[in-house]
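Taking it in order: structure first as structure tokens, then the write-up.
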Amino acid sequence: MTGTVRVQLEPEQEGEDPKTLVTLGPGDSFGELALLNEKPRAASCVCSSMTCELMIIWKRDFKEILGKSH
């Protein structure tokens with residue numbers, strides 16, 4: 001990943017701002033919990049720099065990578 005990504009919780013009530021949990025930067029990753037737990041995502045990720053470049057790893061490939069690491 002290049003750039004910065006803000007991980008945030010959507011507001012509970014209309015008119016409130018999202019709550020930022022953490023800001024991620026180059027070399028960080030996100031989204032693995034949804035792949036591991038096979039549950040809906042817990043937060044939203046929003047690009048917070050002028051540009052972001054991300055790498056996508058599909059669930060099938062993620063599981064294959066995990067299987068080879070054991």
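Observations on the structure shown:
- When the stretch 52-63 is limited to residues that are exposed (fewer than 12 other Cβ atoms within 10 Å of the Cβ) and of a type outside the set (K, R), the one that is nearest to G3 (Cα to Cα) turns out to be E53.
- The residue of the stretch 36-58 that is nearest to L21 (Cα to Cα), among those that are assigned to a loop (DSSP other than H, G, I, E, B) and in contact with a Ser or Thr (Cβ under 8 Å, 6 or more places away or on another chain), is S48.
- All positions within the stretch 21-51 that are open to solvent by 70 Å² or more (accessible area, probe 1.4 Å), more than 16 Å from T2 (Cα to Cα) and at pLDDT 90 or above: L21
- Filtering the stretch 7-35 to residues that are without any contact (Cβ under 8 Å) to a residue 24 or more places away in the chain and either assigned to a loop (DSSP other than H, G, I, E, B) or within 13 Å of F62 (Cβ to Cβ) (or both) leaves P11, E12, Q13, E14, G15, E16, D17, G31, L33, A34.
The values are calculated or read from the model by the stated rules, or taken from the named source; none is laboratory data. What you are looking at is a predicted structure, and each value in this text was computed from that prediction instead of being measured. Here Cβ is always computed from backbone atoms with ideal geometry, including for glycine, and neighbour counts include all displayed protein chains. Ligands, DNA and RNA are stripped out before the accessible areas are found, and what is left, the full protein with its side chains, is counted by its heavy atoms. Shrake-Rupley method; radii C 1.70, N 1.55, O 1.52, S 1.80 Å.
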